[in-house]
Amino acid sequence: MDMAQRQQKKATVKPRLAARDWADAALRAIGEGGLAAVAVEPLAVRLGTTKGSFYWHFANRDALIEAALDRWAELHTEGMITHVEAVRDPRERIRLLFAEAITAASSGPLEVSLLATAEHPQVAAALRKVTERRLAYVAELFVGLGFPAAEARRRGLLAYSVYLGHTQLGHAVPSAVPSGAELGAYLDESLDLLMMR
């Protein structure tokens, strides 16, 4: 084998996949087709690898689902909180959080797909953990605005309920929810009401 052939062969060798690659692919599959879409063979094809790669990282499908749900919490909760924490003003944090969360939820059906499979034990546990973390964080933001803890928790729950309702409605009947510049005005008015003393 000459040097050009070795370089070409080296260039065609795919990098080794990590467990995170599989978890990300499973998370995309959940968003596209629900929990039932998490199947090893189609994911291997999507990733351009073999089932052997899957079994190198995971004992079974449930372990992959668990990794995907952990990744969802990492990206869509902890990642969002880290992003929002870069803003100093609590009012602006709340605005940024809801603008980003609603935009992310509108661009893909992942949250709706997970809510639709909430009876699955792994999904139920992940939803409970993520919801508790999100509610605690939003309540913390309202405490930062000067609301007493109990009232901050109630306002956080209402704000989160608005987010979930908007997300569900946006996927079920997209024409019913505002978009573009109208979405910004809708969010501003909604959040002004929630932050009003």
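If each of ARG20 and ASP62 carries a label point 7 Å out from its Cα toward its Cβ, how far apart are those two points in nm?
A separation of 2.7 nm, rounded to one decimal place.
Volume per residue, Å³, of the convex hull around the alpha-carbon atoms of the chain? List each step's numbers first, then the result.
Working: hull volume 30.9 nm³, N = 197.
Cα convex hull per residue, to the nearest whole number: 157 Å³.
Suppose accessible area is computed on protein heavy atoms with a 1.4 Å probe; arrange LEU47, LEU157, LEU69 from highest to lowest. Intermediate values should be presented prior to the final figure.
On the way: LEU47 40, LEU157 90, LEU69 5 Å².
Descending order: LEU157, LEU47, LEU69.
Using +1 at the Cβ of each Lys and Arg and -1 at the Cβ of each Asp and Glu in the range 67-196, identify which of ALA116, HIS166, LEU127 lies farthest towards the dipole's positive end.
Going by the charge dipole, the pick is LEU127.
Using θ = phi - 60° and the Karplus curve 6.51 cos²θ - 1.76 cosθ + 1.60, what whole-Hz ³J(HN,Hα) does each residue of the range 114-125 get, with Gly and Pro shown as x?
5, 4, 5, 10, 4, 7, 5, x, 5, 5, 4, 5
Provide the per residue accessible area, probe 1.4 Å, for the range 21-173, rounded to a whole number of square angstrom.
Numbers: 7460 Å² over 153 residues.
Result: 49 Å² per residue.
Out of the total accessible area of the chain (probe 1.4 Å, heavy atoms of protein only), what percent is carbon and sulfur? Walk me through the numbers on the way to the answer.
Details: 6490 of 11140 Å².
Roughly 58 percent of what the probe reaches on the chain is carbon or sulfur.
Using the Cα centre as the reference, give the magnitude of the dipole from point charges on the C-beta atoms of the range 103-197 (Lys, Arg: +1; Asp, Glu: -1; all else neutral), rounded to the nearest 20 debye. Before the final figure, lay out the partial values.
Values: 8 positive and 9 negative charges, 77 e Å.
Dipole magnitude for the range 103-197 comes out near 360 debye.
For the chain, with the dipole built from +1 on Lys and Arg beta-carbon atoms and -1 on Asp and Glu ones, taken about the Cα centre, which of LEU97, ASN60, MET196 lies farthest toward the positive end?
Result: ASN60.
Assign unit charges at the C-beta atoms only (+1 for Lys and Arg, -1 for Asp and Glu), then state the dipole size of the range 38-197 relative to its Cα centre in Debye, rounded to the nearest 20. Numbers along the way, then the final one.
On the way: 16 positive and 19 negative charges, 44 e Å.
That gives a dipole near 220 debye.
Can you list the HN-Hα couplings for the range 180-197, worked out from phi with the Karplus curve (6.51, -1.76, 1.60; θ = phi - 60°), rounded to whole Hz and with x for Gly and Pro?
Values, residue by residue: x, 5, 5, 4, x, 5, 4, 4, 4, 5, 4, 6, 4, 5, 5, 8, 5, 9 Hz.
With a cut-off of 8 Å between alpha carbons and a minimum separation of six or more residues, what is the relative contact order of the chain in percent?
Working: 167 pairs, mean separation 39.2, N = 197.
Value for the chain: 20 percent.
How large is the accessible surface of HIS120 in square angstrom, using a 1.4 angstrom probe and rounding to the nearest 10?
Looks like 50 Å² after rounding.
Determine the gain in length on full extension of the stretch ALA172-GLU140; use 0.36 nm per residue of separation and subtract their C-alpha separation, reporting nm with one decimal.
Working: separation 32, 0.36 × 32 = 11.52 nm, distance 3.08 nm.
So the chain would gain 8.4 nm between ALA172 and GLU140.
State the extension gain, in nm to one decimal, for the chain segment bounded by THR82 and SER107, taking 0.36 nm per residue of separation less the distance between their alpha-carbons. Kindly include the intermediate steps, with their values, before the conclusion.
Working: separation 25, 0.36 × 25 = 9.00 nm, distance 2.04 nm.
Working it through step by step, the gained length comes to 7.0 nm.
Calculate one ³J(HN,Hα) per residue across the range 22-29 by plugging θ = phi - 60° into the Karplus curve 6.51 cos²θ - 1.76 cosθ + 1.60, and present them in order as whole Hz with x for glycine and proline.
Ordered by residue, 3J(HN,Hα) equals 5, 5, 5, 5, 5, 5, 4, 4 Hz.
Have a look at GLU74, GLU111, GLU119 and tell me which one the Gaussian network model of the chain (Cα, springs below 10 Å) gives the largest fluctuation.
GLU119
Just ALA19, ALA67, ALA176 to compare: in a GNM of the chain, with alpha carbon springs under 10 Å, which one fluctuates most?
Highest fluctuation of the listed residues: ALA176.
Calculate the all-directions average of the projected area of the range 71-150's alpha-carbon convex hull, and give it in nm².
Numbers: hull surface 22.4 nm².
So the mean shadow area of the Cα hull is 5.6 nm².
The values are calculated or read from the model by the stated rules, or taken from the named source; none is laboratory data. Keep in mind the model is a prediction, meaning the values are calculated, not measured. Heads up, the Cβs are rebuilt from the backbone with ideal geometry, glycines too, and the neighbour counts pull from every protein chain shown. Accessible surface is based on the protein model in full, side chains and every heavy atom, while ligands, DNA and RNA are left aside. Shrake-Rupley method; radii C 1.70, N 1.55, O 1.52, S 1.80 Å.
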